[in-house]
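Undergrad: Quick one: this structure, given as C-alpha cells, is what I'll be asking you about.
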Amino acid sequence: MRIKTNERYELKYLIDWRQRKAVEAAIAPYMTPDAYGQSGAYVITSLYFDSADYRAYWEKVDGEGFRRKVRIRTYGAQMVGPETPVFVEIKQRQNRTLTKKRVRLPHAQAMAFDDYDEIGQTLAAADRAVLEEVAYLRHTQALQPACIVRYNRVAYDGVNPYGDLRVTFDTLLKGRIHDLTLLSTGHAEDRHTLPPQVCIMELKANTSLPFWLIDIVRKNRCTPQRMSKYCATLDKCVGVWKRQRVR
C-alpha cells in the first residue's frame with residue numbers, strides 16, 4: 001500500500017475543459033472525490049506573504065532549487081471572522097519534492113505573528129515548530145501581505161493501493177493586491193488570473209505516479225508546465241515583470 005507522506009512529488013498542467021472531462025472519467029475507477037466539500041468541490045482562498053522586493057516571486061521565476069512561501073489559507077466560501085479556523089502554512093519546495101507544513105488556528109491568532117511564542121505554548125511540538133519557522137521567515141525576510149488568491153477546486157484521492165495519490169482540478173483563478181485580508185467579503189473586484197476555460201490540473205504522489213495515470217495524461221495530450229498561482233496573480237495584478245528588479 002502507498003501511504004501518503006508529508007513530502008510529495010507534484011506535477012502541474014494547464015488543460016482545457018475537454019481534457020479535464022476526459023481525465024476525470026478515466027481516473028474514476030482508481031480514485032474517489034475528496035470527502036471535504038460536495039463531491040470533492042470547494043473554494044480555496046489564500047493570503048500570501050512576501051518581502052517588499054518579492055523574494056518568493058523571483059525565487060520561483062528563477063527556478064531556485066530550494067524555496068519557501070508563507071500563506072494563510074481558508075477552505076470554503078463562508079465568511080471569515082476572528083474565530084474562523086484557518087491554516088497558517090509554509091509551502092516548501094526542494095527541487096521536485098514538495099512539503100507543506102501547517103497549523104490550524106482561529107484567524108485572529110493566525111494573524112497575531114508577534115504573539116506566536118505565547119500561542120505556541122498551547123500547541124503540540126510539531127505545530128509549535130511550524131509557528132517558529134513562520135516567525136523566523138517573517139523576521140528575516142520582513143514578510144508582508146502580498147496578494148489574495150482564490151479559486152474553485154475539485155479534488156480526488158486515490159483508493160487502495162494508491163492511497164498516496166491525489167489529483168486536483170482548479171478553475172476560476174482570481175486574485176487581488178488590494179484589501180489584503182481574509183476577513184473581506186468584497187471579492188467582486190478580484191481579477192481573473194487565467195481565462196475561465198483554463199483548468200490547472202495537479203498530480204501529487206509520494207515519489208512517482210502510477211503507470212495508468214501517466215498513460216491517461218499522455219493519451220489526453222496534457223503537457224507539464226511550471227506554474228505558480230501566486231506568481232500568476234502578481235503578474236496579472238501588479239505586473240512584476242514590468243518593474244525594475246531589486247536584488
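The values are calculated or read from the model by the stated rules, or taken from the named source; none is laboratory data. Small disclaimer: the values here were computed from a predicted structure and weren't measured. No Cβ is skipped: glycine too gets one built from the backbone with ideal geometry, and neighbour counts run over all protein chains shown. SASA here: full protein model, heavy atoms, side chains in, ligands and nucleic acids out. Shrake-Rupley method; radii C 1.70, N 1.55, O 1.52, S 1.80 Å.
Undergrad: Need pairs with beta-carbon distance below 8 Å; first residue over 19 Å from M31 (Cβ atoms) and within the stretch 212-228, second modelled with pLDDT under 95 and of a type in the set (G, A, S); sequence gap 6+ or separate chains.
TA: R226/G63
Undergrad: Within the stretch 186-205, is there a residue that is open to solvent by 50 Å² or more (accessible area, probe 1.4 Å), at pLDDT below 95, in contact with a helix residue (DSSP H, G or I) (Cβ under 7 Å, 6 or more places away or on another chain) and not acidic (D, E)?
TA: yes
Undergrad: Something else now. Report every pair of residues separated by at least 6 positions or lying on different chains whose Cβ atoms are under 9 Å apart, first residue within the stretch 4-24 and modelled with pLDDT of 95 or more and surrounded by 13 or more Cβ atoms within 10 Å (Cβ to Cβ), second small (G, A, S) and part of a strand (DSSP E or B).
TA: Listed by first residue and then by second, the contacts come to nothing, as the list is empty.
Undergrad: Is at least one residue of the stretch 198-211 of a type in the set (K, R) and touching a His at 6+ places or on another chain (Cβ under 7 Å)?
TA: No: the stretch 198-211 contains no residue that is of a type in the set (K, R) and touching a His at 6+ places or on another chain (Cβ under 7 Å).
Undergrad: While we're on this one: Residues of the stretch 191-218 being more than 18 Å from R153 (Cβ to Cβ), of a type in the set (A, V, I, L, M) and in a loop (DSSP other than H, G, I, E, B), which ones?
TA: Selection gives L209 alone.
Undergrad: Just the residues that are part of a strand (DSSP E or B), open to solvent by 70 Å² or more (accessible area, probe 1.4 Å) and in contact (Cβ under 8 Å) with a residue 40 or more places away in the chain, please, taken from the stretch 82-111.
TA: K100, the sole residue that qualifies.
Undergrad: Answer yes if at least one residue in the stretch 168-190 is part of a strand (DSSP E or B), more than 27 Å from Q144 (Cα to Cα) and not basic (K, R), and no otherwise.
TA: Checking the stretch 168-190: at least one residue is part of a strand (DSSP E or B), more than 27 Å from Q144 (Cα to Cα) and not basic (K, R).
Undergrad: Still on this structure, please answer the following. Quick check on D157: is it closer than 22 Å to I44 by Cβ and not in a helix (DSSP H, G or I)?
TA: yes
Undergrad: Ok, one more. Return the total of residues in the stretch 25-57 being within 19 Å of P210 (Cα to Cα), open to solvent by 10 Å² or more (accessible area, probe 1.4 Å), touching a strand residue (DSSP E or B) at 6+ places or on another chain (Cβ under 7 Å) and among the aliphatic types (A, V, I, L, M).
TA: 1
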